[in-house]
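This report refers to the structure that appears directly beneath it.
We did not get these values from a lab; they are worked out from the coordinates using the rules stated. Owing to the predicted nature of the structure, the values given are computational and were not obtained by experimental measurement. Please note: Cβ atoms are built from the backbone with ideal geometry, for glycine as well, and neighbour counts cover all protein chains shown.
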Amino acid sequence: MPFLTKKALSLGTLCLLLAMPIAYANNSIPANISTMAESGGYIHSEVALVMSLDDNQVHYAKNMNTVRPIASITKLMTALVITRSKVNLDEIITITDEDIDRLKSSSSRLMVGTSLTRRDALHLALMSSENRAAHALARTYPGGVNAFVREMNLMARHIGMTRSRFVEPTGLSPLNVASPQDLVRLLQATSKEKLIHQLSTSDDHTIIARNGRPLQYHNTNRLVRNNDWNINISKTGYIREAGNCLVMISKVEGKDMAIVLLNAENRNTRFTDAIRVRHIVQNDYPSLY
């Protein structure tokens with residue numbers, strides 16, 4: 001494109017340039033991107049990254065170099081360690097006092113003494129963001145929680161998450177942090193695990209509670225119940241320090257699209273932002289209000 005002076009660059013031309021997605025020839029996620037998305041004109045979440053995994057095209061980026069607390073997005077790494085460690089998923093584990101959240105005092109429907117398979121615990125951790133289930137997975141890992149957290153950080157480095165840190169398996173600690181680019185790498189890694197796909201996108205799951213009664217759980221991502229969405233991997237998250245978060249891989253315009261939304265102002269914003277993402281990719285930008 002020929003050199004354009006400020007006078008020659010009309011407002012219409014500028015808008016067109018700002019709306020153009022940026023493509024990359026290799027498989028790396030660029031560390032620094034200046035795109036139309038930095039204006040943040042469409043996505044309300046503080047941090048956003050939308051990238052096609054088929055051709056490494058960045059469709060939207062907003063504050064993408066920020067490293068932030070990731071809340072329960074952490075549980076995707078917990079799931080990745082569990083699935084790749086080849087531990088026995090059919091082994092029965094029991095919720096104990098050690099699994100109670102004493103950091104945020106979050107509630108749980110999994111009573112102490114409840115027994116369930118490791119597969120069920122993984123299902124509840126991914127689908128319903130059940131903290132006691134996630135902690136129990138780490139506690140019953142060979143070597144216990146400390147060994148599990150070490151493996152989380154080793155796995156992070158192995159898959160290229162160079163700006164991430166994990167200190168526990170649930171996401172309740174604000175010291176679990178990552179960059180948006182690293183979360184795309186985490187989505188890419190988990191998308192290779194069929195079990196994580198299956199459990200993170202299921203609509204509901206029932207276990208038998210300690211009192212013998214059925215206990216039903218539902219997915220925290222309401223978009224999995226919408227037939228307009230084809231979601232491969234999904235995880236929501238929230239703690240005060242992280243805000244409302246959503247990461248997922250969804251088929252949009254025939255492409256697998258990694259969507260990272262962090263620190264949305266409320267629970268609904270992350271979902272309306274996801275809808276905006278799809279319209280941005282489809283280039284139709286309707287008003288939602």
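Label separation (ASP228 vs ARG163): 3.2 nm, computed from points 7 Å beyond Cα along the C-beta direction. For each pair in LYS75/LYS104; LYS194/LYS255; LYS104/LYS255; LYS235/LYS255; LYS86/LYS251; LYS86/LYS255, compute the distance between the two Cα atoms and list the pairs where it is over 27 Å. The pairs that break the limit, which is 27 Å between Cα atoms, are LYS104/LYS255; LYS86/LYS251; LYS86/LYS255. Here's the picture: a label point sits 7 Å out from the Cα of ILE208 along the beta-carbon direction, and within the stretch 109-129 the residues with their amide nitrogen under 15 Å of it are 114-118, 120.
Charged side chains reduced to their Cβ positions (Lys and Arg at +1, Asp and Glu at -1) give the stretch 44-92 a dipole of some 180 debye around its Cα centre. Listed by chain and number, the aspartates and glutamates placed with their C-alpha closer than 18 angstrom to that of LYS192 are ASP54, ASP55, ASP182, ASP256; residues fewer than eight positions away on the same chain are left out. The C-alpha radius of gyration of the stretch 84-211, expressed as a fraction of 2.2 N^0.38 Å, stands at 1.04. Between the stretch 57-93 and the stretch 155-192, how far is it from one alpha carbon centroid to the other, in angstrom? Value for the Cα centre distance between the two parts: 6 Å.
Loop-resident trypsin sites (Lys or Arg not before Pro) (DSSP state other than H, G, I, E or B) in the stretch 130-191 with no more than 14 further Cβ atoms inside 10 Å of their Cβ are absent. With contacts taken as Cα pairs under 8 Å at a separation of at least 6 residues, the stretch 55-201 carries a relative contact order of 34 percent.
Highest mean packing comes first when the peptides 206-214, 264-272, 77-85, 186-194 are listed by Cβ atoms within 10 Å, giving 77-85, 186-194, 264-272, 206-214.
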